Amino acid sequence: MSVPVIAVDGPSGSGKGTISRQVANRLGWGFLDSGALYRLVALAALRRALPLDDADALFDLARNLDVHFDAGGAEGPGVFLDGQRVSSELRTEACGDAASQVAALPPVREALLARQRDFRVAPGLVADGRDMGTVVFPDAQLKVFLTASREERAQRRYKQLMEQGLSANLQSLLDELAERDRRDTERVVAPLKPAEDAVEVDSTHMSIDAVLDEILSLAAKRGLSTVPGR
Ligand SMILES: Nc1ncnc2c1ncn2[C@@H]1O[C@H](COP(=O)(O)OP(=O)(O)OP(=O)(O)O)[C@@H](O)[C@H]1O
Ligand SMILES: Nc1ccn([C@H]2C[C@H](O)[C@@H](COP(=O)(O)O)O2)c(=O)n1
């Protein structure tokens with residue numbers, strides 16, 4: 001049997017990363033934050049002053065990206081670009097917006113495809129993104145499409161930025177989310193949409209623990225069991 005995959009797709013701020021990381025931890029599986037790869041391409045392009053619509057240059061950049069991930073310590077998971085830790089820089093709204101732009105280019109997606117599939121190693125993988133269930137792992141054993149209203153997602157992001165001691169404006173966050181949703185759902189290649197066999201979970205009125213329980217229960221029903229003791 002192929003190495004099992006749980007694919008978690010959905011719009012920005014729906015909680016994919018938070019939930020997927022915890023599901024992976026509970027199952028004792030690996031975790032792929034595919035958005036980080038697009039953010040890394042965007043960051044590398046910005047650092048080299050490459051236009052974000054130069055498909056040929058960005059294809060080369062994405063194919064030769066020097067990145068590695070580690071589990072991290074007290075400061076959280078580590079992401080390294082050209083040997084330098086870039087975890088915080090990667091999470092900025094500016095980097096997310098640039099990632100959404102480079103992700104609309106078919107050659108960039110093609111360049112990152114094999115790199116994402118390489119994460120599929122035993123005992124299993126939880127992968128979060130926009131096209132995990134539709135394109136990257138179409139044979140995933142469980143596909144979840146995680147959503148929340150735009151207002152709730154903006155509120156969550158606002159709270160997150162406040163907790164980090166950063167300034168934020170709720171209306172600007174709402175506008176940025178609307179633009180990112182539009183770009184991610186309307187692009188020609190691998191647009192954000194639920195796979196036909198995905199289970200849709202609307203987390204607008206659910207706590208993180210409630211979403212986690214729901215997905216673990218869906219996983220258990222498909223025989224995707226937890227590691228004893230977890
Ligand atoms: N069900 C929930 N209830 C309340 N807050 C939540 C819930 N799920 C996630 N959050 C919070 O919302 C914020 C955004 O979550 P997260 O970064 O996981 O979303 P995401 O979908 O991965 O976003 P992006 O695609 O932009 O990376 C975080 O601060 C997280 O703690
Ligand atoms: N599988 C993926 C993952 C991400 N993207 C693009 C679109 C997002 O706006 C951007 C940043 O992703 P995030 O870190 O916010 O999940 O990257 C994509 O097209 N496909």
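The values are calculated or read from the model by the stated rules, or taken from the named source; none is laboratory data. No experiment lies behind these values; they were computed from the predicted model shown. All Cβ positions, glycine included, derive from the backbone under ideal geometry; neighbour counts span all protein chains shown. Ligands, DNA and RNA are stripped out before the accessible areas are found, and what is left, the full protein with its side chains, is counted by its heavy atoms. Shrake-Rupley method; radii C 1.70, N 1.55, O 1.52, S 1.80 Å.
Across segment 31-119, Cα-Cα pairs farther apart than 22 Å form 19% of the total. Label positions at VAL121 and GLU151, each projected 7 Å from the Cα along the C-beta direction, are separated by 4.6 nm. Would you please classify the overall shape of the chain from the alpha carbon gyration tensor, given that a ≥ b ≥ c denote the square roots of the eigenvalues, rounded means a/c under 1.5, and beyond that prolate means a/b larger than b/c while oblate covers the rest? It is rounded, given that a/c, with a ≥ b ≥ c, falls under 1.5. Using all alpha carbons of segment 1-69, what is the percent of pairwise distances in each 10 Å bin, ordered from the shortest bin to the longest? Values per bin, smallest distances first: 17, 38, 31, 14, 1. Taking Lys and Arg as +1 and Asp and Glu as -1, the other residues whose beta-carbon sits under 10 Å from that of PRO11 total +2. In a fully extended conformation the segment linking ARG63 and ALA220 would gain 52.9 nm over its present Cα-Cα distance, using 0.36 nm per residue. For the peptides 41-48, 216-223, the ranking by packing is 41-48, 216-223, with the highest mean count of neighbouring Cβ atoms within 10 Å listed first. In the context of the full set of protein chains, residues of segment 100-205 present 50 Å² of accessible surface per residue (probe radius 1.4 Å, heavy atoms only).
Taking 0.36 nm per residue of sequence separation and subtracting the Cα-Cα distance, how much length would be gained by fully extending the chain between ARG182 and ASP139, in nm to one decimal?
Full-extension gain reported as 12.8 nm.
The loop-placed GluC sites (Glu not before Pro) in segment 133-217, going by DSSP, that have at most 12 neighbouring Cβ atoms within 10 Å of their Cβ come out as GLU196. A simple packing score, the average count of other Cβ atoms within 10 Å per residue, orders the peptides 97-108, 55-66 as 97-108, 55-66, with the highest score first. Take the Cα of GLU89, step 7 Å toward its Cβ, do the same at VAL189, and the gap between the two points is 2.6 nm. You can think of it this way: the chain between PHE80 and ASP197 has 38.7 nm of extra reach, that is 0.36 nm per residue less the Cα-Cα gap.
Dividing the convex hull volume of the alpha carbon atoms of segment 134-220 by its residue count gives 117 Å³ per residue. Nonpolar atom fraction for the chain, defined as the carbon and sulfur part of the 1.4 Å probe accessible area, stands at 51 percent.
Based on C-alpha pairs under 8 angstrom that are at least 6 apart in sequence, segment 53-209 has a relative contact order of 23 percent.
For an R0 of 25 angstrom, estimate the FRET efficiency from the Cβ-Cβ distance between HIS205 and SER172 and round to the nearest 0.05. If you can, show how the numbers build up before the last one.
Working: r = 25 Å, r/R0 = 0.98.
Here the calculated transfer efficiency is 0.50.
Averaging 1/r over each pair of different alpha-carbon atoms in segment 132-183 and inverting the result gives 12.9 Å, the Kirkwood hydrodynamic radius. Here the simple spin-label model places points 7 Å from the Cα toward Cβ, and for LEU161 and LEU113 these points are separated by 3.6 nm.
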